[in-house]
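Please treat every number below as a calculation from the coordinates, not as lab data. This is a predicted model, so every value here is computed, not measured. Glycine also receives a Cβ, built like all others from the backbone with ideal geometry; neighbour counts cover every protein chain displayed.
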Amino acid sequence: MNLDLSDQRYKELQHIFIEAFPSKASLKRMLAFELNKNLDEIATDTNKLQDIIFNLIKIAYKENWIENLIDAAQNINPGNTSLKAIGKIMKLDEASVIIGLNSRYEQDRNGELDKNNLASYINTSFEKNKINIATLKAVEVSLRKLVGDPSIKIVGVDEDSIRLILEGSQEGLKMVEQLFKLKKLTQVLDIPTENVNFLDAGNSKGDKKRLVFTIAENGKRADIKNLKTGFTQTSNQENTEIDNKSRSVQEIIENGAYRQDLTGTNLSGANLNRFNLSGANLNRVNLSGANLKRTNLSETNLSGANLSGSNLNRANISGANLSGANLSGANLSGANLSGANLSGANLSNTILSHTIVDSTTKLDSKWRLVWEILNQPVYRRDFSGSNLIEANLSGANLIEANLSGANLQGANLVEANLSGANLKRANLNAANLTEANLIEANLSGAKLIETKLSSAHLSGADLTEAKLSNAHLSGADLIEANLSNTSLRNADLRSIDLMGANLSSANLMGANLSSANLRNADLKSADLRGAKLRGAKLNRSNLTEAKLNRSNLIEANLMSVILTGANLIEANLMSAILVEANFMNTNLMSAILSGANLSGANLSGANLGATYFSGANLSSANLSSANLMSANLSGATLMSANLSGSDLRSSNLNRTDLNRADLRNANLNRAKVENARLGKNPGISEQMQIDLIQRGAIFQDTLLP
C-alpha cells in the first residue's frame with residue numbers, strides 16, 4: 001500500500017512518534033521487538049531524537065515498510081489515539097474521502113456533485129443560491145469511513161453558520177476530534193474548521209457527549225436555514241424508509257401473509273419467528289438477517305430473494321420456490337426442504353446439518369453433496385477433486401475420507417473430524433479449520449494460505465511441501481508433524497506445540513513462533529529469518545545450518561540445541577537459555593546475547609565479531625578459535641572458558657570475569673580490559689600480564705615478583 005507522506009504528514013508523524021517514544025532506547029526496543037530492526041543501522045550520524053525519528057520515517061517510507069512501522073508503534077502504544085488516528089488516515093483512499101463514497105449521495109436534485117473541495121463548493125453554492133444537501137450527507141458518510149464507525153451521524157445544523165453537531169459512539173467521536181487536531185479534514189477537504197469541542201447531550205446520565213464544529217462562517221443566514229431544513233428533510237426521508245419496513249412487518253403481524261403478494265418488500269432483520277407465510281409471493285424480497293425460526297414458508301415463492309444470514313432453523317420450506325435465492329450464511333438446520341426448488345441458489349457457508357431433503361428437492365449437485373456429507377456420512381468416502389468452495393462442513397465426520405485435490409477454499413470446517421483423511425494437494429486457502437481434528441491426516445502439498453488452524457489437532461499429520469503462508473496456527477497441536485519443505489512464511493504460530501516436528505528446510509520467514517514448543521524439533525536448514533521466537537522452547541532441537549538472521553529469540557530456551565553452521569547474524573538472543581548449545585562454526589556476527597546463559601556452550605570457530613555479550617554467562621564455554629573482534633563482553637562471566645586461539649582484538653572485556661579462562665594463543669591486542677578479573681589462566685606470560693595490568697586488568701594471582 002502506498003501511503004500518503006506529504007511534507008505535512010512527515011511533520012505530523014514525526015511529532016506523534018516523539019510523543020509516543022520520548023527516548024532513543026524506547027524507539028530502539030520497539031523496532032527490535034516488533035520489526036526485528038536495528039535502529040543504530042537506520043538512524044546514523046545523529047543523536048538528536050527528532051532527527052532520528054525523521055530519518056526512520058523517511059527510510060521506512062522509501063523501503064515500503066511505513067505501514068508496518070505505524071502498526072508496530074500502535075502495538076506498543078495501544079491506548080495512543082493519535083497513532084490510531086494517523087494509522088487510519090494514512091490508509092485511506094484520499095481521492096474518495098468526500099465524493100464517491102456513497103452513490104446514494106453522489107447526485108443532488110440539480111445534477112452531478114462534482115466538486116472535490118467542500119469549502120469552495122459550499123461557498124459557490126451560496127453564490128448561486130443553490131444549497132446542496134448531498135454535500136453534507138457526503139460529509140456524514142466520509143466521517144463514518146474515516147473512523148470506521150457507522151454510528152457517527154450529523155444530528156443538527158445551526159442557522160447562524162454551518163455548525164454541525166455529531167452524535168455517535170464516544171470512541172468514534174474522539175477519533176473524529178483527533179482527525180481535526182491532525183488537520184486531516186482541513187488538508188483533504190480544505191474545510192476551515194473552528195471551535196471543535198464536546199458538549200453534553202443533555203441525557204439523564206450526563207456522560208454522553210456530542211461533537212460540535214464549524215465548517216463555514218460565510219453565507220446568507222437564509223441560505224443556511226434552507227440548508228438545515230433540506231438536510232433534516234433528507235434525514236427524515238431515510239427514516240421514512242425504516243418506517244416503511246416497520247409498517248410492512250406490522251401488517252404481517254396484524255393481518256398475516258398467507259398467499260399475500262409482498263414482491264420486493266424490504267424485511268431485512270425482521271422478526272417473523274413462527275409466522276405463517278405459506279403460499280405468499282416473496283419474489284425478490286429482502287429477508288437478510290431475518291428471524292424465520294419455525295416459520296411456515298411452505299409453497300412460498302422466494303425466487304431471487306435475499307435470505308443471507310437469516311435464521312431458518314426448523315422452518316417449513318417444503319414445496320417453496322427458492323430458485324436463484326441468496327441463502328449464504330443462513331441457518332437451515334432442521335429446516336424442511338422436501339419438494340423445494342433451490343436451483344441456482346447460493347448456499348455458501350449455509351448450515352445444512354439435520355436439514356430435511358428428499359428426492360424431490362431440487363438442489364445443485366455441489367450443495368447436495370455438502371448435505372450428504374453432513375447428514376449421511378460414509379466412512380472412507382471418496383471426494384477427490386470435489387468442488388466444496390465455501391461449503392459449511394462444521395462438525396462434519398470425514399474420518400479417513402479421500403479429499404485429495406478437492407477445492408475447499410473458504411470452507412467452514414470448524415471442529416470437523418478429518419483424522420487420517422487424505423487431503424493431498426487439496427485447496428484449503430482461507431478455510432476455517434479451527435479446532436478441527438487432523439491427526440495423522442495427509443496434507444502434503446496442500447494449499448493452506450491464510451487458513452485458520454487455531455487450536456487444530458495436527459499431531460502426526462503430513463504437511464510436506466504444504467503452503468501455509470499467513471496461516472493462523474496459534475494453539476494448534478503439531479506434535480511430531482511432518483512439515484519439511486513447508487512454506488509457513490508470516491504464519492501465526494504463537495504458543496503452538498511442534499515438539500518433535502520435522503521442519504527441515506521449511507520456510508518460516510517472518511513467522512510468529514512466540515512461546516511455541518519446538519523441543520526436539522528438526523529445523524535443519526530451515527529459513528527463520530525475521531521470525532519471532534521470543535519465549536520459544538527450542539531445547540534439544542536441531543538448527544544445523546538454519547537461517548536465523550535478525551530473528552527474535554529473546555528469552556528463548558535453546559538448551560542443548562544444535563546450531564552448527566547456522567546463520568544468526570544480527571539475531572536477538574537477549575536473556576536466552578543456551579546452556580550446552582552447539583554453535584560450532586556458527587555466524588553470530590552483530591548478534592545480541594546480553595544476559596544470555598551460554599554456560600558450557602560450544603562456540604568454537606564461531607564468528608562472533610561485534611556480537612553483544614554484555615552480562616552474559618559464558619562460564620566453561622568453548623570459544624576456541626572463535627572470532628571475537630570488536631565483541632562487547634563487558635560484565636560477562638567467562639570463568640573457565642576456553643578462549644585458546646580466539647581473536648579478541650578491539651573487544652570490550654571491561655569488568656569481565658576471566659578467572660581460569662584458557663587464553664593460550666589468544667589475541668588481546670587493543671582489547672579493553674579495565675577491571676577485568678583474571679587468575680590461574682593458561683597461556684598468560686609474565687610480559688602479557690604486565691601489559692594487561694597496565695591496561696587496567698586485575699590479576700588474582702600475579703606472576704610478578
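The H on the amide N of ASN602, modeled in the peptide plane, is under 5 Å from the matching H of ALA581, ASN582, PHE583, ASN622, each at least 5 residues off or on a different chain. For the stretch 476-633, the direction-averaged projected area of the alpha-carbon convex hull comes to 6.7 nm². One decimal place: the segment LYS11-SER169 gains 53.9 nm when fully extended, by the rule 0.36 nm per residue minus the C-alpha distance.
Using θ = phi - 60° in the Karplus curve 6.51 cos²θ - 1.76 cosθ + 1.60, the 3J(HN,Hα) couplings for the stretch 351-361 round to 7, 10, 5, 6, 6, 8, 10, 10, 5, 8, 6 Hz; x is entered for Gly and Pro.
Under 5 Å from the amide H of PHE699 lie the amide H atoms of LEU678, each residue being 5 or more positions distant or on a separate chain, with H modelled from the backbone and absent for Pro and chain starts.
Taking trypsin sites (Lys or Arg not before Pro) across the stretch 323-424, the ones in a DSSP loop with at most 12 further Cβ atoms lying within 10 angstrom of their Cβ are ARG380. The residue list GLN376, ALA345, LEU312 was ranked by how far each Cα lies along the charge dipole of the stretch 257-376 toward its positive end, using unit charges on Cβ atoms, and LEU312 comes out on top. Summarising the amide proton neighbourhood of ALA391: residues at separation of 5 or more, or on other chains, whose placed amide H is nearer than 5 Å comprise ASN349, ALA411, ASN412. Annotation for ARG29 and GLN260: the two label points, set 7 Å from Cα along the Cα-Cβ direction, are 6.5 nm apart.
Where does each of PHE54, PHE17, PHE383 land when they are ranked from fewest to most other beta-carbon atoms within 10 angstrom? List each step's numbers first, then the result.
Details: PHE54 19, PHE17 26, PHE383 22.
By the 10 Å Cβ count, ascending: PHE54, PHE383, PHE17.
Coupling constants for the stretch 504-517 follow from the phi torsions by the Karplus curve (6.51 cos²θ - 1.76 cosθ + 1.60, θ = phi - 60°), and in residue order they are 4, 6, 6, 9, 10, 4, x, 5, 9, 10, 4, 6, 6, 9 Hz; glycine and proline get x. Using a cut-off of 18 Å between Cα atoms, the listed pairs LYS447/LYS537; LYS28/LYS58; LYS11/LYS48 include LYS447/LYS537 as exceeding that distance.
Shape summary: the stretch 257-376 maps onto an equivalent ellipsoid whose semi-axes, from the alpha-carbon gyration tensor, are 20, 14, 13 Å in decreasing order. Summing Lys and Arg as +1 and Asp and Glu as -1 over all other residues whose Cβ lies under 10 Å from the Cβ of GLU674 gives a net charge of +3. The residues VAL579, VAL378, VAL561, when put in order of fewest to most other Cβ atoms within 10 Å, stand as VAL378, VAL579, VAL561. Applying 1/(1 + (r/R0)^6) with r as the Cβ-Cβ distance of GLN687 and ASP40 and R0 = 30 angstrom yields a FRET efficiency of 0.20. Label positions at GLN700 and ASN273, each projected 7 Å from the Cα along the C-beta direction, are separated by 7.9 nm.
Karplus-based coupling profile of the stretch 676-687, in residue order and whole Hz: 5, 9, 10, x, 6, 9, x, x, 8, 7, 4, 5, with θ = phi - 60° in 6.51 cos²θ - 1.76 cosθ + 1.60 and x standing for Gly or Pro.
Potential lengthening of the chain between ARG664 and LYS153 amounts to 176.1 nm, from the contour at 0.36 nm per residue minus the alpha-carbon distance.
Under a model in which nothing but the beta-carbon of Lys, Arg (+1) and Asp, Glu (-1) is charged, the stretch 257-376 shows a dipole of about 180 debye around its Cα centre. For SER646, the shell of other residues with beta-carbons less than 13 Å away shows a net charge of 0, using +1 for Lys and Arg and -1 for Asp and Glu.
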